[in-house]
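> After the structure tokens below, expect a handful of questions from me.
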Amino acid sequence: MAKFPKIKRMGERAILLEFEPEISLEILEKVLSLKKYLQENSLKETVDITTTYNLLLVSYEYAIEDAYSEVFNLWEDFSRTNISFKIESRLFQVPVCYDENFALDMVEISAAKDLSKKEIIGLHSSEIYTVYFTGFLPGFLYLGGLPQLLHFPRKIHPRQTVQKGAVGIGEKQTGIYPQSSPGGWNIIGNSPVPLFDPEKNPPCEIRPGDRIKFCPVSLEEHREITEEVRKGDFNFNFEEENG
Amino acid sequence: MAEVEIIQPGLFSSIQDLGRYGYREFGVPTGGAMDTQAAGMANLLLGNESEAAVLEITLQGPKMRFLDPAQIVITGANLSPKLEGKELENNKIINVEAGEILSVGRRKSGYRAYLAVKGGLQSKIILGSRSWSPGITPHNRLERGMKLPFLRSESESSSKYSAVKSDDYITSAVIEAFPGPEFELLLTSEKEMLSKRHFSAAKESNRMGIQCQEKLENSLQPILTGPVLPGTVQLTPSGTLIILMRDGQTTGGYPRIVQLSETGINTLAQKIPGQKLQIKVINYK
């Protein structure tokens, strides 16, 4: 039996910690607890800690001779303390406009799935999604929890440009494009909320461990929120949750 | 603030420092100079801070007019730089008078040259760095008519250092790499092919990543999306090697077979598309 997490080097200045390769809340909690522990326990300042479903990467700005033992010792301390960290989670209401102006692939999904547009919106907006991590693009959230009925393959020919805010479905995942980019997901709506703002620190409001729920809004409401964001008046709507 | 005005933007140039640290968890690429050794050398020769921002010039250079006097150093690729038509040497401090025009000519070696100005280029600091990066900073490449501010230097640098490190890494065809997280999943024969075969960068390569033209047969399955770094070499199911560079994304779903050394990344940053290169896997100490 392999023991988890496995610790591996990744080049001259990074250490990778691997938990069991699965997408689950239990593993997410382990990964985020370890991240918090490493951040709070004197890892050198110029360090990036990137997490994904089951992996945690500690990378340093410069090649450091003893980085491996530093991370390894901290990991040993962490596993000995045996403390289960509660992840602070917040539930965000994220407005999405599913109007046909934005929902470029709604008709195709509707036909292929034999679901009405209303049913698709209902399914997509009634679920609560967990944020596993941010990656791919600045502010792009990897969400878990897309209902199986909405699983749909990526487009065979990705679009050269997917609009900022586009809400898409790709295989078992759903997500929001935080900026315009090429993309292969099927677009079913658009969210006006700012997922990444380089002028703010931290640049992202929504964090791994948070949960989100999509709320359908009209074109008019979408316009109003866009205007609020432009003026800098927009505030996220969320409530604290306990574990 | 002193300024240099861009008359012609050239192929692709951008302002870079050593990159942004502490923001990868938000999906923000580290960015920074593709060849950190050349950028560092330029700053060192001028007595600048190591994190001073420099201009990274790719292959075909811009033409620019200094509106104020400056001291400059050019390092990295030799792109036949000229001041007022007179050829300049790399790795030497050059005094520029107000109104003089700097241009870049024919490539002699390397792919990316670095132009450092005494005092450093003063692009806005965003998320801890002056580096231009798509989606993060207002600009990501030089454009005609831009005026780049730099600090007017009080003291003149004299050549306290001559080029202290060799430029051999620029022309080397060997790219050093350490085993990546999925290296052991490769068959012995696949590992051998990785080291034996010559690879070369495809035309589409850029600051985000370098795609190799030659394929490596493999039977690896995609992995659960995991963290990647500049210098991570990913192997796609079709056998294409994708080497992530400084502006590369923070996570990826392809097996990460090797991780380039820092020198390996710098060497690769100096390879023009089509140039042959060989990956040399070295073990951890």
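> Do we find a residue being surrounded by 21 or more Cβ atoms within 10 Å (Cβ to Cβ) and either within 14 Å of chain B (Cβ to nearest Cβ) or without any contact (Cβ under 8 Å) to a residue 24 or more places away in the chain (or both) anywhere in the range A:145-165?
Yes: the range A:145-165 contains one or more residues that are surrounded by 21 or more Cβ atoms within 10 Å (Cβ to Cβ) and either within 14 Å of chain B (Cβ to nearest Cβ) or without any contact (Cβ under 8 Å) to a residue 24 or more places away in the chain (or both).
> Pairs under 7 Å by beta carbon, first residue more than 14 Å from B:LEU194 (Cβ to Cβ) in the range B:268-285, partner of a type in the set (Asp, Glu), six or more apart or different chains?
Between residues of the range B:268-285 that are more than 14 Å from B:LEU194 (Cβ to Cβ) and residues that are of a type in the set (Asp, Glu), the close pairs are B:ALA269/B:ASP35; B:GLN270/B:ASP35.
> On to the next question. In contact (Cβ under 8 Å) with a residue 40 or more places away in the chain, surrounded by 23 or more Cβ atoms within 10 Å (Cβ to Cβ) and over 26 Å from B:LEU127 (Cβ atoms), is that true of A:GLY189?
The answer is yes for A:GLY189.
> Counting only residues that are within 11 Å of another protein chain (Cβ to nearest Cβ), give me the strands (runs of 3 or more DSSP E) lying completely in the range B:217-285 with at least 3 of them.
Correct list: B:256-260.
> What is the residue count in the range A:173-202 for residues that are over 14 Å from the mean Cα position of the chain (by Cα) and within 9 Å of chain B (Cβ to nearest Cβ)?
7
Okay, residues lined up against (1) modelled with pLDDT under 95; (2) small (Gly, Ala, Ser); (3) assigned by TED's automatic domain parsing to the domain that holds A:ILE128:
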| residue | (1), (2), (3) |
| --- | --- |
| A:LEU149 | no, no, yes |
| A:ILE169 | no, no, yes |
| A:LYS172 | yes, no, yes |
| A:GLY184 | yes, yes, yes |
| A:GLY189 | no, yes, yes |
| A:VAL193 | no, no, yes |
| A:ILE212 | no, no, yes |
| A:VAL217 | no, no, yes |
| A:GLU221 | no, no, yes |
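> Quick one: A:GLY139 ticks every box in (1) under 13 Å from the mean Cα position of the chain (by Cα); (2) on the phi < 0 side of the Ramachandran plot; (3) modelled with pLDDT of 95 or more bar one, so which box is it?
Answer for A:GLY139: the failing condition is (2).
> Determine, yes or no, whether A:PHE92 is without any contact (Cβ under 8 Å) to a residue 12 or more places away in the chain, buried (at least 17 other Cβ atoms within 10 Å of the Cβ), closer than 29 Å to A:GLU241 by Cβ and out of contact with any His (no Cβ under 6 Å at 6 or more places or on another chain).
Against the criterion (without any contact (Cβ under 8 Å) to a residue 12 or more places away in the chain, buried (at least 17 other Cβ atoms within 10 Å of the Cβ), closer than 29 Å to A:GLU241 by Cβ and out of contact with any His (no Cβ under 6 Å at 6 or more places or on another chain)), A:PHE92 does not qualify.
> Still on this structure, please answer the following. Take the residues in the range A:206-230 that are acidic (Asp, Glu) and either facing another protein chain (nearest Cβ under 10 Å) or surrounded by fewer than 19 Cβ atoms within 10 Å (Cβ to Cβ) (or both); name whichever of them is farthest from the chain's Cα centre (by Cα).
Across the range A:206-230, the extreme among qualifying residues is A:GLU220.
> Within the range A:14-30, take every residue that is at the interface with chain B (Cβ under 8 Å from one of its Cβ atoms) and touching a residue at least 40 places away in the same chain (Cβ under 8 Å) and give me the one that is farthest from A:THR130 (Cα to Cα).
Among them, the one singled out is A:ALA14.
> Any residue at all in the range A:99-121 that is within 14 Å of chain B (Cβ to nearest Cβ) and not in a strand (DSSP E or B)?
Checked against the condition, which is being within 14 Å of chain B (Cβ to nearest Cβ) and not in a strand (DSSP E or B), the range A:99-121 yields no hits at all.
> For B:ARG197, state whether it is at pLDDT 95 or above and out of contact with any Cys (no Cβ under 6 Å at 6 or more places or on another chain).
no
> Within the range A:28-41, take every residue that is farther than 18 Å from A:LYS8 by Cα and crowded, with 18+ Cβ neighbours inside 10 Å and give me the one that is farthest from the chain's Cα centre (by Cα).
The residue in question is A:TYR37.
> Please work out which residue is nearest to the other protein chains (Cβ to nearest Cβ), limiting yourself to the range A:122-142 and to residues that are over 24 Å from B:MET208 (Cβ atoms) and assigned to a strand (DSSP E or B).
Checked the range A:122-142; the qualifying residue nearest to the other protein chains (Cβ to nearest Cβ) is A:VAL131.
> Related question: Which condition breaks for B:GLU84 when tested against (1) at negative phi; (2) of a type in the set (D, E, K, R); (3) more than 14 Å from every other protein chain (Cβ to nearest Cβ); (4) out of contact with any Lys or Arg (no Cβ under 7 Å at 6 or more places or on another chain)?
So the condition that B:GLU84 fails would be (1).
> Looking at (1) at pLDDT below 95; (2) farther than 29 Å from B:ARG20 by Cα; (3) acidic (Asp, Glu), can you tell me which one A:GLU65 breaks?
Among (1) at pLDDT below 95; (2) farther than 29 Å from B:ARG20 by Cα; (3) acidic (Asp, Glu), the lone unmet condition for A:GLU65 is (2).
> Could you figure out which of (1) assigned to a loop (DSSP other than H, G, I, E, B); (2) more than 14 Å from every other protein chain (Cβ to nearest Cβ); (3) surrounded by fewer than 23 Cβ atoms within 10 Å (Cβ to Cβ); (4) basic (Lys, Arg) isn't true of B:ARG207?
So B:ARG207 meets the others, but not (3).
> On the given criteria, is A:GLN163 at pLDDT 95 or above and either touching a Phe, Trp or Tyr at 6+ places or on another chain (Cβ under 9 Å) or not assigned by TED's automatic domain parsing to the domain that holds A:SER218 (or both)?
yes
> B:GLY61 versus (1) away from chain A (no Cβ under 14 Å); (2) modelled with pLDDT of 95 or more: which is the lone unmet condition?
For B:GLY61, the failing item is (2).
> When you look at B:LEU18, is it out of contact with any Pro (no Cβ under 9 Å at 6 or more places or on another chain) and either crowded, with 22+ Cβ neighbours inside 10 Å or over 24 Å from B:LYS147 (Cβ atoms) (or both), yes or no?
yes
The values are calculated or read from the model by the stated rules, or taken from the named source; none is laboratory data. Treat the numbers as computed from the prediction; the structure is a model and nothing was measured. A quick note on method: Cβ atoms are made from the backbone with ideal geometry, for glycine too, and the neighbour counts reach across all protein chains shown.
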